[in-house]
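These notes concern the structure reproduced below.
The values are calculated or read from the model by the stated rules, or taken from the named source; none is laboratory data. Quantities reported herein were computed from a predicted structural model and do not represent experimental measurements. Positions of Cβ are generated from backbone atoms using ideal geometry, with glycine treated the same way; all protein chains shown enter the neighbour counts. Heads up: the accessible areas ignore ligands, DNA and RNA and are worked out on the full protein's heavy atoms, side chains in. Shrake-Rupley method; radii C 1.70, N 1.55, O 1.52, S 1.80 Å.
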Amino acid sequence: MKKQKILVTGGVGYIGSHTVVELQQNGYEVVIVDNLSNSQVNVLDKIMAITGIKPEFEQFDLADEALTSDFFKRHADLNGIIHFAAYKAVGESMEKPIEYYRNNVKSLINMVDGMKTHGIANLVFS
């Protein structure tokens, strides 16, 4: 039986990386997309040290429509998405509302478009 394949956006952040560990330890194949704006790529090595598996990783901004569309074309076999790639600092969001809108809303729209195009029905939005 083929492993279910899950996309974890923001997967090298604190919550995302812990989620990746749990998914891998429970038999899921994980693909991470992260732009590394609030995280570091060396977290992948830490995930591998815990699970023995280095998850597939792609670094790009989900707000980029073309890159997100290309990702979904290459990963049309996803069974679901856990979305942690969002900005969350209230004070900063007041100072930089356009950056927050671009990251939090535009990236979500691009993901939902990819899901719809490729028939991916399962999304956990956090």
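Here are a few things to note about the model shown:
- Every pair of residues 6+ apart whose Cβ atoms lie under 9 Å, when the first sits in the range 40-63 and is free of Cβ contacts under 8 Å to residues at least 24 places away in the same chain while the second is open to solvent by less than 60 Å² (accessible area, probe 1.4 Å): Asn42/Val12; Met48/Pro55; Gly52/Gln24; Lys54/Leu44; Lys54/Ile47
- Which numbered condition Lys2 misses (of (1) closer than 23 Å to Lys116 by Cα; (2) modelled with pLDDT of 95 or more; (3) surrounded by fewer than 16 Cβ atoms within 10 Å (Cβ to Cβ)): (2)
- Scanning the range 15-41 for residues that are closer than 17 Å to Asn103 by Cβ and open to solvent by 100 Å² or more (accessible area, probe 1.4 Å) gives Ile15, Asn38.
- Output for the range 47-62, where each listed residue is out of contact with any Pro (no Cβ under 9 Å at 6 or more places or on another chain) and farther than 17 Å from Thr9 by Cα: Ala49, Ile50, Thr51, Gly52, Ile53
- Annotation: of all residues in the range 95-126 being assigned to a helix (DSSP H, G or I), more than 12 Å from Leu62 (Cβ to Cβ) and free of Cβ contacts under 8 Å to residues at least 24 places away in the same chain, the one that is least open to solvent (accessible area, probe 1.4 Å) is Tyr100.
- Per-region count, the range 26-36, residues among the hydrophobic types (A, V, I, L, M, F, W, C), out of contact with any helix residue (DSSP H, G or I) (no Cβ under 6 Å at 6 or more places or on another chain) and in a strand (DSSP E or B): 3
- Entry remark, the range 51-74: residues being in contact with a helix residue (DSSP H, G or I) (Cβ under 8 Å, 6 or more places away or on another chain) and part of a loop (DSSP other than H, G, I, E, B) number 8 in total.
- Output for the range 6-25, where each listed residue is aliphatic (A, V, I, L, M) and not in a helix (DSSP H, G or I): Ile6, Leu7, Val8, Val12
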